[in-house]
Amino acid sequence: MLEIENLSAGYFGSKVLHSISLTAGEGTTLVAGANGAGKTTLIKSINGSLRPVNGSISLDGRKIDKMNPHSLALMGIATVPERGRVFGSMSVEDNLRVSFESVKRNKVSYENLVENVYEIFPDLKEKRNDKAGTLSGGQQQMLSIGRAIITSPKLLLMDEPTTGLFPRTVRELVSKISEISQGMSILLTEQNLAETLFLARKVYILESGKLVFSGTPDEIRGNRDLRNIYLGIGGN
């Protein structure tokens with residue numbers, strides 16, 4: 001369980017997040033907001049890339065807000081950054097192996113874990129010997145997710161994973177996220193929830209670094225203003 005209490009964070013003395021409190025348990029927790037709302041700052045605060053100004057962050061009861069990114073990765077926090085992150089000059093298989101070797105959190109063999117990734121993303125198995133830089137945008141995003149899940153994370157942070165992808169690719173990717181969310185905690189940030197709302201057990205909405213909503217997907221669907229902004233659906 002991820003627990004965040006009264007978190008404030010920012011850059012060069014300027015706060016971006018203001019007293020944020022939220023929790024994320026098993027399944028998918030969605031954090032929505034427009035560009036500049038503070039979603040990426042939240043992700044960086046959790047994974048140790050950014051030191052919070054105030055507040056606390058805990059994972060399974062252990063405070064983690066002063067830990068560095070590698071220590072947090074060893075604890076089981078993996079991140080899929082916006083627009084993914086792969087080594088373009090390396091093969092798909094080598095990208096996955098590097099991620100596995102960098103953490104090695106458990107005794108499960110690389111062979112078993114990589115087969116699990118290939119089962120979820122068959123395209124990656126087909127292209128396992130290809131350079132990652134030759135993959136399509138959607139395939140690179142899938143590889144970025146594969147690099148994260150091969151570390152067997154307790155908590156998977158995903159920063160706007162559908163950004164810049166074609167609608168068909170978005171639907172395919174969201175289906176894969178639904179598959180991997182079983183038995184894992186995922187914190188997922190997005191601008192538009194039309195394709196991802198069904199994934200969520202809980203939804204938070206950020207505006208200008210402040211939480212303005214916390215509730216369920218049904219509450220989003222039942223609120224005309226929120227439905228119009230985040231689902232693109234008007235009406236009463």
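Each value in this text was obtained by applying a stated rule to the coordinates, not by laboratory testing. As the structure is a prediction and not an experimental result, all values here were calculated from the model. Don't worry about glycine lacking a Cβ; one is built from the backbone with ideal geometry, like all the others, and counts go over all protein chains shown.
Condition first: under 17 Å from L211 (Cβ atoms) and under 13 Å from the mean Cα position of the chain (by Cα). Now tell me which residues in the range 22-37 satisfy that.
If the condition is that a residue be under 17 Å from L211 (Cβ atoms) and under 13 Å from the mean Cα position of the chain (by Cα), then A24, T29, L30, V31, A32 are the ones that fit.
When you scan the range 46-69, do you find a residue that is touching an Asp or Glu at 6+ places or on another chain (Cβ under 7 Å), touching a residue at least 24 places away in the same chain (Cβ under 8 Å) and closer than 26 Å to F166 by Cα, even just one?
Within the range 46-69, none of the residues are touching an Asp or Glu at 6+ places or on another chain (Cβ under 7 Å), touching a residue at least 24 places away in the same chain (Cβ under 8 Å) and closer than 26 Å to F166 by Cα.
Conditions (1) over 26 Å from D130 (Cβ atoms); (2) surrounded by fewer than 18 Cβ atoms within 10 Å (Cβ to Cβ); (3) polar (S, T, N, Q), marked per residue:
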position: V31; (1), (2), (3): yes, no, no
position: I46; (1), (2), (3): yes, no, no
position: N54; (1), (2), (3): yes, yes, yes
position: R62; (1), (2), (3): yes, yes, no
position: I77; (1), (2), (3): yes, no, no
position: S91; (1), (2), (3): no, yes, yes
position: R97; (1), (2), (3): no, yes, no
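For the range 3-40, give me the residue count where each residue is touching a Ser or Thr at 6+ places or on another chain (Cβ under 7 Å), of a type outside the set (G, A, S) and free of Cβ contacts under 8 Å to residues at least 60 places away in the same chain.
Going through the range 3-40 one residue at a time, the tally reaches 5.
With respect to E207, determine if the residue is among the acidic types (D, E), more than 26 Å from S49 (Cα to Cα) and touching a residue at least 24 places away in the same chain (Cβ under 8 Å).
It is false that E207 is among the acidic types (D, E), more than 26 Å from S49 (Cα to Cα) and touching a residue at least 24 places away in the same chain (Cβ under 8 Å).
Identify all residues within the range 58-93 that are more than 19 Å from the chain's Cα centre (by Cα) and of a type outside the set (A, V, I, L, M, F, W, C); write none if there are none.
Scanning the range 58-93 gives G61, R62, K63, K66, G88, S89, S91, E93.
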